[in-house]
Amino acid sequence: MAQMPKASGYLGGHLLVAMPQMPDPRFARSVVYLCAHTSDGAMGLIVNKLIDSLSFPDLLRQLGIDPPEATDAIRVHFGGPVEAARGFVLHSTDYVHDATMVVDDQFALTATIDVLKAIAKGEGPRRSLLALGYAGWAPGQLDQEIQSNGWLTVPAAADLVFDSDTDHLWQQAIARIGVDLGKLSSAAGHA
């Protein structure tokens with residue numbers, strides 16, 4: 001089990017909320033759970049965009065796993081444009097195995113077929129989000145995007161990530177920090 005080091009100034013375990021003027025259409029109105037953020041770069045999963053063309057039972061069948069009867073509630077998310085065929089499960093910390101990266105006391109990340117088998121058997125984490133692909137940033141890239149007013153940062157909360165309606169998560173995340181959408185500016189400024 002890998003525990004992410006807590007370093008001052010890094011945002012692992014936070015949400016990135018795209019500003020309204022986000023120029024990259026892949027990230028427009030996106031909410032990204034930041035799994036890792038260090039001097040080496042950053043990695044996260046978009047948690048508010050679904051892949052409607054693929055269901056969890058379909059995915060299990062493609063992997064040779066027999067889906068149980070009650071898997072319709074599990075939806076497949078577009079995690080980001082990097083390695084779009086690779087699966088990641090963001091989940092509660094009640095499920096931790098050797099390949100699990102524990103982000104903090106609420107969130108962990110597992111990217112093995114074993115977690116999908118456990119979920120299919122009803123033995124997986126209590127709360128989870130399945131994503132294909134991820135969002136990645138080179139060293140210093142995310143910091144620059146934040147300084148250029150590309151993203152807001154919001155402390156992550158399990159209820160927001162796992163329980164929110166994906167269609168309204170962007171607005172809910174912004175509301176958590178008390179920002180009025182009508183007053184957001186696209187102009188970068190620093191005091």
> Within the bounds of segment 114-121, is there any residue that is in a loop (DSSP other than H, G, I, E, B), at pLDDT below 95 and not polar (S, T, N, Q)?
Replying inline: yes
> Mind checking which pairs have a first residue in segment 18-34 that is under 23 Å from Asp104 (Cα atoms) and a second that is surrounded by fewer than 18 Cβ atoms within 10 Å (Cβ to Cβ) and among the hydrophobic types (A, V, I, L, M, F, W, C), Cβ under 7 Å, 6 or more apart or different chains?
Replying inline: Ala18/Ala28
>> Filter segment 88-108 down to the residues that are assigned to a strand (DSSP E or B), β-branched (Val, Ile, Thr) and under 17 Å from His37 (Cα atoms) and list them by number.
In response: Val102
> How many of the residues in segment 103-127 are in contact with a Ser or Thr (Cβ under 6 Å, 6 or more places away or on another chain) and touching a residue at least 24 places away in the same chain (Cβ under 8 Å)?
Replying inline: 3
>> Out of everything in segment 120-152 that is among the aromatic types (Phe, Trp, Tyr) and touching a Gly at 6+ places or on another chain (Cβ under 8 Å), what residue ends up being farthest from Gly44 (Cα to Cα)?
In response: Trp137
> Of the conditions (1) touching a residue at least 40 places away in the same chain (Cβ under 8 Å); (2) within 28 Å of Pro57 (Cβ to Cβ); (3) surrounded by 13 or more Cβ atoms within 10 Å (Cβ to Cβ), Val82 fails just one. Which one is it?
Replying inline: (3)
> Assuming Leu54 fulfils every condition listed in (1) assigned to a loop (DSSP other than H, G, I, E, B); (2) surrounded by fewer than 17 Cβ atoms within 10 Å (Cβ to Cβ); (3) at pLDDT 85 or above apart from one, which condition is it?
Replying inline: (1)
>> surrounded by 19 or more Cβ atoms within 10 Å (Cβ to Cβ) and over 30 Å from Val179 (Cβ atoms): is that true of Leu90 in this structure?
In response: no
> Among the residues of segment 37-51, which ones are of a type outside the set (A, V, I, L, M, F, W, C) and in a strand (DSSP E or B)?
Replying inline: His37, Thr38, Gly41, Gly44
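The values are calculated or read from the model by the stated rules, or taken from the named source; none is laboratory data. If you're wondering where the values come from, they're calculated on a predicted model, not measured in any experiment. So basically every Cβ, Gly included, is an ideal-geometry build from the backbone, and we count neighbours across all protein chains shown.
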